[in-house]
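Take a look at the structure set out below.
The values are calculated or read from the model by the stated rules, or taken from the named source; none is laboratory data. It should be emphasised that the depicted structure is a prediction, and the values quoted were computed from it without experimental measurement. So basically every Cβ, Gly included, is an ideal-geometry build from the backbone, and we count neighbours across all protein chains shown. To get the accessible areas, we keep the full protein, side chains included, count just its heavy atoms, and leave off ligands, DNA and RNA. Shrake-Rupley method; radii C 1.70, N 1.55, O 1.52, S 1.80 Å.
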Amino acid sequence: MTHDHDLVLRPTEAQISAALTPPPGRSGGDLVVETLAALGATTVFGLPGQHALGVFDALRRSDLRYIGLRVENNAGFAADAYGRITGEAAPLLLSTGPGALTSLAALQEAAAASAPVLAISSQIPTAGLGGGRHGYLHELPDQSASFRGVVKSVHTVRAQSQIPSAIEAAWKSALTAPHGPVWVEIPQDVLLAETSIPVVTGGDAFPEELPPRPELTAVAADLLSRAERPAIIAGGGVVRSDASGKLRQLAQTLQAPVVTTPGGKGAFPWTHPLSLQSWIEDRHTTDFLEDADVLLVVGSGLGELSSNYHTFKPRGRVIQIEADLGKLESNHPALGIHADARLALQALLETVTPRSDEEAPERVREVVARVADRIAAQELTLEQDVLASVRRALPADSPSFWDMTILAYWAWSAFDAKGPNLLHSAQGAGGLGYGFPAALGAAVADPSRPVLAVSGDGGALYSIAELATARQYDLNVTWLIVDDGGYGILREYMTDAFGQATATELTRPDYVALAESFGVPGVRTTPETLADDLSKALGSPGPSVVVLPAVLRMFAPTHLGSD
């Protein structure tokens, strides 16, 4: 008896001939780029380095598009955004030691946000591997050990024959839910040596699926169908799995109000009658969610930012759908369903019983109104006006990338993303410098629409070198820099905690003049002219910089016991 998995496609005579007589002049680096192309990659990011030159030399013999950034960490952020926008594993080419290690913060953000990044690094020559101190340039006793606590999987190559399989395994790992960064490292001599291995022409690019267990979705569907006050928290997993449409259908079927986390921005329509928007960092929203008799949490681990700083204490039954096994029931007991959000929501749609609740939209309106009243009482007109100006200027289908800055904190709660996969920030790992290089990666992924980056002046200094990248590739990114003279959010934190701030004030350049020195147009704006200046910049092709000198304040938190 023959089974489908026993069938092997027989190569054609032409394929056999090509395999027996591979073209001369190829190296291990060619096997890398050929495998990437065979898996479907079209674009790679990175920086060259001495040990990785075999890969970069091979790029000129391939059809892959190379986007070179100026700092490895920024190249990682660009690859992260490319992966978020396209849903593909974004190849990131790095060199050994310092080059590899400089990417760590970006890979941590990709891991926290479930962005698929395929990092491929060189290694010292094979003779130096094994932990001895041989004195090679860039040598580390165990380079991969520095990445094991950050990435999803590590794949070490020691011979050319291992290259296609290692990269294919890493690719599938990056794209299997939960998405994330993976690490491949290949010694310098393996990359440089001429190869007689046939040209790589195919690969299995399909990741493993993660369906829910049917007995668990049956219990979840029963709980939701019989609930009197169901509610839904939608996290980044809904966006990553492209499940926003299924979420909306389920919420309408159950008449369940929905709030999105900072990572889940845009997963549910902002103006929908059942939308609690994304004011999850608010006591009124927290109280409402705590009162739900059945709470469905989809694609969120209910971490610090998604639980109002761990003050959220649900009183009803919690159902948690989460692809990351480590996040499942890590903060609250629940009916834990280890699954991809899209597949689990589809299973629920097929099994829940529709429920009627004419009062649900009114309860939602009351919560949203109470939140608005709380913010209005704090005299934060400037902040709300600036955020509204950004929203007016940004086209509805354009993505935005936000650094860790006060305006981004406002955006997490108060900005209408206009759709899924359009607002991205560094809220996963919380590191500085994400906004501008990530926006460059998004512009590479989709050059048909302008991209917005938002940074504070402190975060901007992490990314200034990438103005050269933006100009070199003529990327359609407008960079809004809110210049308040320092690390604004840290200034607030320290002043509140200690009565004064230390180490938060910064000497900074003239950002407009600096942008223009790179050949990038720059303009200094005001809160009153921001919408027009930003709109004009976004409407002009190529990179641009808009600088807004302004000191913004955060809205009062509610997790400290105040209202």
Of the residues in region 295-331, those that are acidic (Asp, Glu), in contact (Cβ under 8 Å) with a residue 40 or more places away in the chain and outside any strand (DSSP E or B) come to ASP324
Per the list (1) in contact (Cβ under 8 Å) with a residue 12 or more places away in the chain; (2) outside any loop (DSSP other than H, G, I, E, B); (3) surrounded by fewer than 21 Cβ atoms within 10 Å (Cβ to Cβ), residue check on GLN162 breaks on (1)
Among residues of region 270-294 being open to solvent by 30 Å² or more (accessible area, probe 1.4 Å) and in a loop (DSSP other than H, G, I, E, B), the residue nearest to THR217 (Cα to Cα) is ASP293
When restricted to ARG148, ARG65, ARG70, the only residue within 19 Å of ASP403 (Cβ to Cβ), more than 13 Å from the chain's Cα centre (by Cα) and modelled with pLDDT of 95 or more is ARG70
- Task: Would you check if there is a residue in region 322-331 being open to solvent by less than 20 Å² (accessible area, probe 1.4 Å), modelled with pLDDT of 95 or more and on the phi < 0 side of the Ramachandran plot?
- Result: yes
Residues in region 212-267 that are in contact with an Asp or Glu (Cβ under 7 Å, 6 or more places away or on another chain) and surrounded by fewer than 24 Cβ atoms within 10 Å (Cβ to Cβ) total 4
Sole miss for ALA377 among (1) closer than 24 Å to PRO420 by Cβ; (2) among the small types (Gly, Ala, Ser); (3) more than 23 Å from the chain's Cα centre (by Cα); (4) surrounded by fewer than 19 Cβ atoms within 10 Å (Cβ to Cβ) is condition (1)
Restricting region 179-210 to residues that are part of a loop (DSSP other than H, G, I, E, B) and of a type in the set (D, E, K, R), the one modelled with the lowest pLDDT turns out to be ASP204
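Among residues belonging to region 216-254 that are among the hydroxyl-bearing types (Ser, Thr, Tyr) and part of a helix (DSSP H, G or I), point out the one that is nearest to ASP357 (Cα to Cα).
Result: THR253.
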### Query
Can you spot a residue in region 354-370 that is small (Gly, Ala, Ser) and without any contact (Cβ under 8 Å) to a residue 60 or more places away in the chain?
yes
